Amino acid sequence: MMVCEYKPGLEGIPAAQSSISYVDGQKGILEYRGIRIEELAEKSTFLETAYLLIWGELPSKQELQAFEHEVLHHRRIKYRIRDMMKCFPESGHPMDALQASAAALGLFYSLRDLHNPAYIRDSVVRLIATIPTMVAAFQLMRKGNDPVRPRDDLDYSANFLYMLNEQEPDPLAARIFDICLILQVEHTMNASTFSARVTASTLTDPYAVVASAVGTLGGPLHGGANEEVIQMLEEIGSVENVRPYVEDRLQRKAKIMGCGHRVYKVKDPRATILQSLAEQLFEKFGHDKFYDIALEVERVVEEKLGSKGIFPNVDFYSGLVYRKMGIPTDLFTPIFAIARVAGWLAHWKEQLAENRIFRPTQIYNGAHEVRYLPIDQR
Ligand SMILES: CC(C)(COP(=O)(O)OP(=O)(O)OC[C@H]1O[C@@H](n2cnc3c(N)ncnc32)[C@H](O)[C@@H]1OP(=O)(O)O)[C@@H](O)C(=O)NCCC(=O)NCCS
(Lines give C-alpha, C1' and ligand atoms only; values in the text may rest on other atoms or scores of the structure.)
Protein backbone atom coordinates (compact mmCIF):
# COMPACT_ATOMS: atom_id res chain seq x y z
CA MET A 1 0.00 0.00 0.00
CA MET A 2 1.25 3.49 -0.89
CA VAL A 3 2.12 5.56 2.20
CA CYS A 4 1.25 9.23 1.78
CA GLU A 5 2.55 12.07 3.87
CA TYR A 6 -0.26 14.13 5.39
CA LYS A 7 -0.14 17.79 4.31
CA PRO A 8 -2.56 20.01 6.26
CA GLY A 9 -4.48 22.19 3.82
CA LEU A 10 -3.12 20.00 0.99
CA GLU A 11 -0.23 22.46 0.78
CA GLY A 12 1.89 21.77 -2.28
CA ILE A 13 -0.28 18.83 -3.46
CA PRO A 14 -1.47 19.25 -7.07
CA ALA A 15 -5.27 18.80 -7.18
CA ALA A 16 -5.65 19.10 -10.96
CA GLN A 17 -3.81 19.62 -14.21
CA SER A 18 -4.85 23.00 -15.52
CA SER A 19 -3.99 25.30 -18.41
CA ILE A 20 -6.11 28.22 -17.19
CA SER A 21 -3.68 30.37 -15.19
CA TYR A 22 -0.10 30.38 -13.95
CA VAL A 23 1.69 32.08 -11.06
CA ASP A 24 5.44 32.50 -10.54
CA GLY A 25 5.64 33.65 -6.94
CA GLN A 26 9.38 34.36 -7.00
CA LYS A 27 9.26 36.60 -10.06
CA GLY A 28 5.81 38.08 -9.39
CA ILE A 29 4.25 36.83 -12.62
CA LEU A 30 0.58 36.01 -13.20
CA GLU A 31 -0.65 34.78 -16.58
CA TYR A 32 -4.13 33.88 -17.83
CA ARG A 33 -3.87 31.29 -20.63
CA GLY A 34 -0.24 32.39 -21.00
CA ILE A 35 -0.96 36.14 -21.31
CA ARG A 36 0.56 38.41 -18.67
CA ILE A 37 -1.92 40.10 -16.37
CA GLU A 38 -0.36 43.53 -17.03
CA GLU A 39 -1.15 43.25 -20.73
CA LEU A 40 -4.73 42.15 -20.13
CA ALA A 41 -5.29 44.95 -17.59
CA GLU A 42 -4.10 47.48 -20.14
CA LYS A 43 -5.76 46.16 -23.30
CA SER A 44 -8.60 43.78 -22.50
CA THR A 45 -12.05 43.99 -20.93
CA PHE A 46 -13.51 41.76 -18.23
CA LEU A 47 -15.84 39.96 -20.65
CA GLU A 48 -13.06 39.37 -23.18
CA THR A 49 -10.80 38.01 -20.41
CA ALA A 50 -13.65 35.81 -19.15
CA TYR A 51 -14.05 34.42 -22.67
CA LEU A 52 -10.28 33.81 -22.88
CA LEU A 53 -10.27 31.90 -19.59
CA ILE A 54 -13.37 29.82 -20.30
CA TRP A 55 -12.83 28.96 -23.97
CA GLY A 56 -9.03 29.03 -23.92
CA GLU A 57 -8.37 31.63 -26.63
CA LEU A 58 -8.97 35.30 -27.23
CA PRO A 59 -12.25 35.71 -29.13
CA SER A 60 -12.45 37.11 -32.65
CA LYS A 61 -14.31 40.40 -33.01
CA GLN A 62 -17.52 38.55 -33.97
CA GLU A 63 -17.16 36.02 -31.17
CA LEU A 64 -16.67 38.77 -28.60
CA GLN A 65 -19.62 40.77 -29.89
CA ALA A 66 -21.84 37.69 -29.78
CA PHE A 67 -20.74 36.89 -26.20
CA GLU A 68 -21.24 40.47 -25.02
CA HIS A 69 -24.66 40.52 -26.68
CA GLU A 70 -25.73 37.29 -24.97
CA VAL A 71 -24.55 38.50 -21.56
CA LEU A 72 -26.36 41.82 -22.10
CA HIS A 73 -29.62 39.98 -22.77
CA HIS A 74 -29.44 37.74 -19.72
CA ARG A 75 -28.79 40.38 -17.06
CA ARG A 76 -32.33 40.51 -15.69
CA ILE A 77 -33.31 38.21 -12.87
CA LYS A 78 -36.67 36.48 -12.57
CA TYR A 79 -39.23 38.25 -10.40
CA ARG A 80 -39.48 35.15 -8.20
CA ILE A 81 -35.76 35.42 -7.42
CA ARG A 82 -36.24 39.11 -6.64
CA ASP A 83 -39.21 38.28 -4.41
CA MET A 84 -37.20 35.58 -2.66
CA MET A 85 -34.36 38.07 -2.06
CA LYS A 86 -36.84 40.57 -0.57
CA CYS A 87 -37.38 38.06 2.24
CA PHE A 88 -33.67 38.00 3.14
CA PRO A 89 -32.86 39.87 6.38
CA GLU A 90 -31.35 43.33 5.77
CA SER A 91 -28.70 42.57 8.37
CA GLY A 92 -27.50 39.48 6.50
CA HIS A 93 -24.08 39.56 4.84
CA PRO A 94 -24.30 40.18 1.05
CA MET A 95 -22.13 37.09 0.47
CA ASP A 96 -24.76 34.90 2.13
CA ALA A 97 -27.45 36.59 0.03
CA LEU A 98 -25.39 35.91 -3.09
CA GLN A 99 -24.79 32.28 -2.22
CA ALA A 100 -28.51 31.67 -1.65
CA SER A 101 -29.48 33.52 -4.85
CA ALA A 102 -26.92 31.70 -6.99
CA ALA A 103 -28.14 28.35 -5.64
CA ALA A 104 -31.76 29.38 -6.32
CA LEU A 105 -30.96 29.82 -10.03
CA GLY A 106 -30.59 26.04 -10.16
CA LEU A 107 -34.29 25.71 -9.27
CA PHE A 108 -35.25 27.59 -12.42
CA TYR A 109 -32.75 25.96 -14.78
CA SER A 110 -32.84 22.40 -13.56
CA LEU A 111 -32.04 20.73 -16.87
CA ARG A 112 -28.59 19.14 -16.53
CA ASP A 113 -27.04 18.52 -19.93
CA LEU A 114 -23.34 18.61 -19.18
CA HIS A 115 -22.20 17.05 -22.48
CA ASN A 116 -23.94 19.68 -24.57
CA PRO A 117 -21.74 22.71 -25.47
CA ALA A 118 -24.88 24.85 -25.86
CA TYR A 119 -25.87 24.05 -22.25
CA ILE A 120 -22.36 24.94 -21.04
CA ARG A 121 -22.49 28.24 -22.91
CA ASP A 122 -26.02 29.13 -21.69
CA SER A 123 -25.02 28.43 -18.10
CA VAL A 124 -21.81 30.48 -18.39
CA VAL A 125 -23.69 33.42 -19.91
CA ARG A 126 -26.50 33.26 -17.35
CA LEU A 127 -24.19 33.14 -14.34
CA ILE A 128 -21.82 35.87 -15.55
CA ALA A 129 -24.81 38.03 -16.49
CA THR A 130 -26.98 37.62 -13.39
CA ILE A 131 -24.50 37.56 -10.50
CA PRO A 132 -23.87 41.36 -10.69
CA THR A 133 -27.63 41.98 -10.91
CA MET A 134 -28.19 39.91 -7.77
CA VAL A 135 -25.41 41.72 -5.84
CA ALA A 136 -26.80 45.14 -6.82
CA ALA A 137 -30.40 44.07 -6.12
CA PHE A 138 -29.60 42.96 -2.57
CA GLN A 139 -27.72 46.21 -1.92
CA LEU A 140 -30.77 48.32 -2.89
CA MET A 141 -33.28 46.03 -1.16
CA ARG A 142 -31.45 46.11 2.15
CA LYS A 143 -31.72 49.90 2.01
CA GLY A 144 -35.47 49.47 1.54
CA ASN A 145 -35.44 50.35 -2.18
CA ASP A 146 -36.62 48.45 -5.21
CA PRO A 147 -33.81 47.07 -7.39
CA VAL A 148 -33.27 48.89 -10.69
CA ARG A 149 -33.35 47.17 -14.05
CA PRO A 150 -30.12 46.72 -16.01
CA ARG A 151 -29.56 49.33 -18.74
CA ASP A 152 -28.94 47.92 -22.20
CA ASP A 153 -26.92 50.95 -23.33
CA LEU A 154 -24.28 50.40 -20.64
CA ASP A 155 -21.47 47.87 -20.81
CA TYR A 156 -20.93 45.18 -18.18
CA SER A 157 -19.08 47.16 -15.51
CA ALA A 158 -20.81 50.51 -16.10
CA ASN A 159 -24.16 48.74 -15.82
CA PHE A 160 -23.22 47.11 -12.51
CA LEU A 161 -22.15 50.45 -11.01
CA TYR A 162 -25.36 52.00 -12.33
CA MET A 163 -27.51 49.25 -10.75
CA LEU A 164 -25.62 49.66 -7.48
CA ASN A 165 -25.70 53.45 -7.16
CA GLU A 166 -28.78 54.24 -9.30
CA GLN A 167 -26.71 56.68 -11.35
CA GLU A 168 -24.55 56.38 -14.42
CA PRO A 169 -20.89 56.05 -13.40
CA ASP A 170 -18.03 58.24 -14.53
CA PRO A 171 -16.34 56.49 -17.52
CA LEU A 172 -12.94 56.40 -15.76
CA ALA A 173 -14.48 54.78 -12.68
CA ALA A 174 -16.28 52.21 -14.87
CA ARG A 175 -13.06 51.34 -16.76
CA ILE A 176 -11.07 51.05 -13.54
CA PHE A 177 -13.78 48.81 -12.06
CA ASP A 178 -13.59 46.61 -15.16
CA ILE A 179 -9.80 46.31 -14.73
CA CYS A 180 -10.32 45.32 -11.07
CA LEU A 181 -12.55 42.48 -12.28
CA ILE A 182 -9.80 41.37 -14.70
CA LEU A 183 -7.33 41.32 -11.79
CA GLN A 184 -9.62 39.23 -9.58
CA VAL A 185 -11.08 36.81 -12.12
CA GLU A 186 -8.69 33.88 -11.66
CA HIS A 187 -5.80 32.73 -9.51
CA THR A 188 -4.88 29.05 -9.92
CA MET A 189 -5.89 26.44 -7.31
CA ASN A 190 -7.15 28.62 -4.44
CA ALA A 191 -9.74 27.45 -1.89
CA SER A 192 -12.90 28.57 -3.73
CA THR A 193 -11.67 27.23 -7.07
CA PHE A 194 -10.88 23.90 -5.44
CA SER A 195 -14.35 23.94 -3.91
CA ALA A 196 -15.86 24.62 -7.36
CA ARG A 197 -13.91 21.73 -8.89
CA VAL A 198 -14.88 19.28 -6.12
CA THR A 199 -18.56 20.16 -6.56
CA ALA A 200 -18.22 20.03 -10.37
CA SER A 201 -16.67 16.56 -10.16
CA THR A 202 -19.95 15.15 -8.83
CA LEU A 203 -21.59 16.23 -12.13
CA THR A 204 -24.09 18.47 -10.40
CA ASP A 205 -25.38 21.66 -12.07
CA PRO A 206 -23.23 24.81 -12.48
CA TYR A 207 -25.41 26.82 -10.07
CA ALA A 208 -24.49 24.43 -7.26
CA VAL A 209 -20.84 24.68 -8.37
CA VAL A 210 -20.90 28.49 -8.14
CA ALA A 211 -22.93 28.54 -4.91
CA SER A 212 -20.41 26.28 -3.19
CA ALA A 213 -17.50 28.42 -4.42
CA VAL A 214 -19.23 31.62 -3.21
CA GLY A 215 -19.59 30.02 0.22
CA THR A 216 -15.89 29.20 0.27
CA LEU A 217 -14.82 32.66 -0.91
CA GLY A 218 -16.72 34.34 1.92
CA GLY A 219 -14.32 33.43 4.73
CA PRO A 220 -11.81 35.95 6.13
CA LEU A 221 -8.84 33.76 5.20
CA HIS A 222 -9.82 33.95 1.54
CA GLY A 223 -11.97 36.70 0.02
CA GLY A 224 -12.58 38.69 3.17
CA ALA A 225 -9.10 40.19 3.68
CA ASN A 226 -9.76 43.36 1.63
CA GLU A 227 -12.45 44.43 4.12
CA GLU A 228 -9.96 44.00 6.94
CA VAL A 229 -7.35 46.20 5.23
CA ILE A 230 -9.77 49.15 5.33
CA GLN A 231 -10.55 48.44 8.99
CA MET A 232 -6.79 48.39 9.70
CA LEU A 233 -6.20 51.73 7.92
CA GLU A 234 -9.11 53.27 9.86
CA GLU A 235 -7.71 51.94 13.10
CA ILE A 236 -4.23 53.37 12.35
CA GLY A 237 -5.80 56.76 11.57
CA SER A 238 -2.64 58.74 10.66
CA VAL A 239 0.75 58.33 8.98
CA GLU A 240 2.57 58.94 12.30
CA ASN A 241 0.74 56.02 13.90
CA VAL A 242 1.88 53.52 11.26
CA ARG A 243 5.29 52.57 12.67
CA PRO A 244 4.11 52.03 16.27
CA TYR A 245 1.05 50.12 14.96
CA VAL A 246 3.15 47.76 12.81
CA GLU A 247 5.79 47.29 15.53
CA ASP A 248 3.13 46.55 18.12
CA ARG A 249 1.43 43.97 15.90
CA LEU A 250 4.70 42.26 15.02
CA GLN A 251 5.63 42.10 18.68
CA ARG A 252 2.29 40.40 19.40
CA LYS A 253 2.86 38.06 16.41
CA ALA A 254 -0.25 39.47 14.72
CA LYS A 255 -0.48 39.78 10.94
CA ILE A 256 -0.54 42.98 8.92
CA MET A 257 -3.63 42.62 6.74
CA GLY A 258 -3.22 42.72 2.96
CA CYS A 259 0.42 41.64 3.19
CA GLY A 260 2.03 38.27 2.60
CA HIS A 261 0.99 35.46 0.30
CA ARG A 262 1.36 31.70 0.20
CA VAL A 263 2.74 31.85 -3.36
CA TYR A 264 4.12 35.37 -3.95
CA LYS A 265 7.39 36.17 -2.23
CA VAL A 266 7.64 39.57 -3.96
CA LYS A 267 4.99 42.28 -4.37
CA ASP A 268 1.86 40.77 -5.92
CA PRO A 269 1.68 42.03 -9.55
CA ARG A 270 -2.03 42.74 -9.03
CA ALA A 271 -1.20 45.03 -6.10
CA THR A 272 1.15 47.06 -8.33
CA ILE A 273 -1.60 47.56 -10.95
CA LEU A 274 -4.26 48.32 -8.32
CA GLN A 275 -2.00 50.92 -6.74
CA SER A 276 -1.69 52.77 -10.03
CA LEU A 277 -5.48 52.54 -10.55
CA ALA A 278 -6.03 54.00 -7.07
CA GLU A 279 -3.70 56.89 -7.96
CA GLN A 280 -5.68 57.58 -11.15
CA LEU A 281 -8.89 57.72 -9.14
CA PHE A 282 -7.40 60.04 -6.52
CA GLU A 283 -6.12 62.36 -9.25
CA LYS A 284 -9.58 62.70 -10.73
CA PHE A 285 -11.84 62.49 -7.68
CA GLY A 286 -9.65 63.80 -4.87
CA HIS A 287 -7.02 62.39 -2.56
CA ASP A 288 -7.73 59.84 0.16
CA LYS A 289 -5.67 60.19 3.33
CA PHE A 290 -5.89 56.43 3.81
CA TYR A 291 -3.68 56.09 0.75
CA ASP A 292 -0.84 57.94 2.55
CA ILE A 293 -1.31 55.61 5.51
CA ALA A 294 -1.23 52.58 3.18
CA LEU A 295 1.99 53.79 1.52
CA GLU A 296 3.65 54.15 4.91
CA VAL A 297 2.42 50.67 5.95
CA GLU A 298 3.96 49.28 2.77
CA ARG A 299 7.28 51.07 3.52
CA VAL A 300 7.45 49.84 7.12
CA VAL A 301 6.37 46.28 6.21
CA GLU A 302 9.04 46.15 3.50
CA GLU A 303 11.67 47.35 5.98
CA LYS A 304 10.64 44.87 8.69
CA LEU A 305 9.37 41.86 6.71
CA GLY A 306 10.78 42.22 3.19
CA SER A 307 13.53 39.72 3.97
CA LYS A 308 10.79 37.14 4.76
CA GLY A 309 9.18 37.78 1.36
CA ILE A 310 6.20 39.67 2.77
CA PHE A 311 4.88 42.45 0.56
CA PRO A 312 1.42 43.83 -0.32
CA ASN A 313 -0.97 41.34 -1.90
CA VAL A 314 -4.05 41.89 -4.11
CA ASP A 315 -6.18 42.94 -1.13
CA PHE A 316 -3.91 45.75 0.00
CA TYR A 317 -4.98 48.39 -2.54
CA SER A 318 -8.26 46.95 -3.92
CA GLY A 319 -10.26 48.20 -0.92
CA LEU A 320 -8.95 51.75 -1.45
CA VAL A 321 -10.08 51.65 -5.08
CA TYR A 322 -13.58 50.40 -4.19
CA ARG A 323 -13.83 52.85 -1.28
CA LYS A 324 -13.10 55.77 -3.60
CA MET A 325 -15.95 54.56 -5.82
CA GLY A 326 -18.29 54.79 -2.82
CA ILE A 327 -18.77 51.01 -2.58
CA PRO A 328 -19.63 49.77 0.95
CA THR A 329 -16.96 47.62 2.57
CA ASP A 330 -19.12 44.49 2.87
CA LEU A 331 -19.60 44.47 -0.92
CA PHE A 332 -15.87 44.05 -1.60
CA THR A 333 -16.08 40.26 -1.39
CA PRO A 334 -19.30 39.96 -3.46
CA ILE A 335 -17.50 42.04 -6.13
CA PHE A 336 -14.60 39.60 -5.92
CA ALA A 337 -17.23 36.89 -6.60
CA ILE A 338 -18.61 38.81 -9.61
CA ALA A 339 -15.13 38.57 -11.12
CA ARG A 340 -14.19 35.10 -9.89
CA VAL A 341 -17.33 33.42 -11.23
CA ALA A 342 -15.71 33.41 -14.68
CA GLY A 343 -12.60 31.71 -13.27
CA TRP A 344 -14.74 29.12 -11.47
CA LEU A 345 -16.65 28.41 -14.68
CA ALA A 346 -13.39 27.96 -16.60
CA HIS A 347 -12.42 25.34 -14.00
CA TRP A 348 -15.91 23.77 -14.15
CA LYS A 349 -15.53 23.32 -17.92
CA GLU A 350 -11.96 22.01 -17.56
CA GLN A 351 -13.02 19.59 -14.81
CA LEU A 352 -15.87 18.20 -16.94
CA ALA A 353 -13.55 17.61 -19.88
CA GLU A 354 -11.58 15.00 -17.93
CA ASN A 355 -13.69 14.33 -14.90
CA ARG A 356 -12.96 12.00 -12.06
CA ILE A 357 -14.89 12.54 -8.85
CA PHE A 358 -12.74 13.93 -6.04
CA ARG A 359 -12.46 11.29 -3.38
CA PRO A 360 -9.29 11.84 -1.32
CA THR A 361 -8.35 9.60 1.51
CA GLN A 362 -7.78 10.26 5.21
CA ILE A 363 -5.47 9.04 7.94
CA TYR A 364 -7.72 7.49 10.56
CA ASN A 365 -6.55 8.29 14.09
CA GLY A 366 -9.58 7.16 16.04
CA ALA A 367 -10.37 4.05 18.13
CA HIS A 368 -11.23 0.47 17.00
CA GLU A 369 -13.33 -2.40 18.39
CA VAL A 370 -15.20 -0.17 20.82
CA ARG A 371 -18.24 -1.85 22.39
CA TYR A 372 -21.63 -0.19 22.35
CA LEU A 373 -22.49 0.89 25.88
CA PRO A 374 -26.21 0.89 26.74
CA ILE A 375 -27.45 4.37 27.61
CA ASP A 376 -28.11 3.61 31.31
CA GLN A 377 -24.47 2.55 31.77
CA ARG A 378 -22.80 5.69 30.33
C1 LIG B 1 -1.68 35.18 3.11
C2 LIG B 1 -1.12 34.39 4.26
C3 LIG B 1 -2.24 33.56 4.90
C4 LIG B 1 -0.01 33.47 3.73
O5 LIG B 1 0.36 32.67 4.74
P6 LIG B 1 1.45 31.51 4.72
O7 LIG B 1 2.07 31.32 3.39
O8 LIG B 1 0.80 30.34 5.36
O9 LIG B 1 2.57 32.10 5.62
P10 LIG B 1 2.60 32.08 7.20
O11 LIG B 1 1.32 32.62 7.74
O12 LIG B 1 3.02 30.73 7.64
O13 LIG B 1 3.75 33.13 7.47
C14 LIG B 1 5.15 32.87 7.34
C15 LIG B 1 5.89 33.86 8.21
O16 LIG B 1 5.64 35.19 7.77
C17 LIG B 1 4.93 35.94 8.75
N18 LIG B 1 3.84 36.67 8.08
C19 LIG B 1 3.14 36.25 7.00
N20 LIG B 1 2.25 37.18 6.65
C21 LIG B 1 2.41 38.20 7.49
C22 LIG B 1 1.75 39.43 7.65
N23 LIG B 1 0.77 39.81 6.83
N24 LIG B 1 2.14 40.24 8.66
C25 LIG B 1 3.13 39.87 9.49
N26 LIG B 1 3.79 38.71 9.41
C27 LIG B 1 3.41 37.88 8.42
C28 LIG B 1 4.35 34.89 9.70
O29 LIG B 1 4.14 35.42 10.98
C30 LIG B 1 5.40 33.83 9.66
O31 LIG B 1 6.47 34.27 10.47
P32 LIG B 1 7.37 33.21 11.28
O33 LIG B 1 8.05 32.39 10.21
O34 LIG B 1 8.30 34.07 12.07
O35 LIG B 1 6.42 32.40 12.13
C36 LIG B 1 -0.49 35.33 5.32
O37 LIG B 1 0.55 36.08 4.73
C38 LIG B 1 -1.55 36.26 5.94
O39 LIG B 1 -2.26 35.86 6.85
N40 LIG B 1 -1.63 37.54 5.45
C41 LIG B 1 -2.57 38.49 5.97
C42 LIG B 1 -3.99 38.20 5.48
C43 LIG B 1 -4.17 38.51 4.01
O44 LIG B 1 -3.80 39.58 3.54
N45 LIG B 1 -4.79 37.57 3.30
C46 LIG B 1 -5.07 37.72 1.89
C47 LIG B 1 -4.25 36.83 1.08
S48 LIG B 1 -4.41 37.18 -0.65
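Miscellaneous remarks
- Among the residues of segment 306-329, the ones that are surrounded by 17 or more Cβ atoms within 10 Å (Cβ to Cβ), within 15 Å of the ligand (Cβ to nearest atom) and either among the aromatic types (F, W, Y) or over 22 Å from the mean Cα position of the chain (by Cα) (or both) come to 3 in all.
- Within this structure, D155 passes the test of being within 27 Å of A41 (Cα to Cα) and of a type in the set (D, E).
- Residue match in segment 53-60 (condition: more than 18 Å from D122 (Cα to Cα), among the acidic types (D, E) and either touching a strand residue (DSSP E or B) at 6+ places or on another chain (Cβ under 8 Å) or touching a residue at least 40 places away in the same chain (Cβ under 8 Å) (or both)): no
- Annotation: of all residues in segment 200-250 being hydrophobic (A, V, I, L, M, F, W, C) and within 11 Å of the ligand (Cβ to nearest atom), the one that is surrounded by the fewest Cβ atoms within 10 Å (Cβ to Cβ) is L221.
- Members of segment 253-267 found to be free of Cβ contacts under 8 Å to residues at least 12 places away in the same chain and more than 6 Å from the ligand (Cβ to nearest atom), listed by number: K253, A254
- Residues in segment 51-81 that are within 23 Å of the chain's Cα centre (by Cα) and among the hydroxyl-bearing types (S, T, Y): Y51 alone.
- Cβ-Cβ contacts under 8 Å between residues 6 or more apart (or on different chains), taken from a first residue in segment 32-52 that is free of Cβ contacts under 8 Å to residues at least 24 places away in the same chain to a second residue that is assigned to a loop (DSSP other than H, G, I, E, B) and among the polar types (S, T, N, Q), are listed as L52/S44.
- Residue list for segment 161-175, filter: under 21 Å from Y317 (Cα atoms), in contact with a Lys or Arg (Cβ under 9 Å, 6 or more places away or on another chain) and not in a loop (DSSP other than H, G, I, E, B): L172, A173
- Qualifying position, being touching a strand residue (DSSP E or B) at 6+ places or on another chain (Cβ under 8 Å) and modelled with pLDDT of 95 or more, among F336, F311: F311
- Verdict on R299 being among the basic types (K, R), within 15 Å of the ligand (Cβ to nearest atom) and either within 18 Å of T272 (Cβ to Cβ) or part of a helix (DSSP H, G or I) (or both): yes
- Candidate set from segment 268-283 (those that are away from the ligand (no atom under 16 Å from the Cβ) and polar (S, T, N, Q)); member that is surrounded by the most Cβ atoms within 10 Å (Cβ to Cβ): Q280
- Test: residue in segment 284-291 that is away from the ligand (no atom under 12 Å from the Cβ), in contact (Cβ under 8 Å) with a residue 24 or more places away in the chain, in contact with a Lys or Arg (Cβ under 7 Å, 6 or more places away or on another chain) and of a type outside the set (K, R): yes
- Close contacts from segment 347-371, counting a first residue that is under 17 Å from N116 (Cβ atoms) and a second that is modelled with pLDDT of 95 or more and exposed (fewer than 10 other Cβ atoms within 10 Å of the Cβ), with Cβ to Cβ under 7 Å and a gap of 6+ residues or different chains, come to none at all.
The values are calculated or read from the model by the stated rules, or taken from the named source; none is laboratory data. Keep in mind it's a predicted model, so treat the numbers as computed, not measured. Every residue, glycine among them, receives a Cβ derived from its backbone with ideal geometry; neighbour counts consider all protein chains shown.
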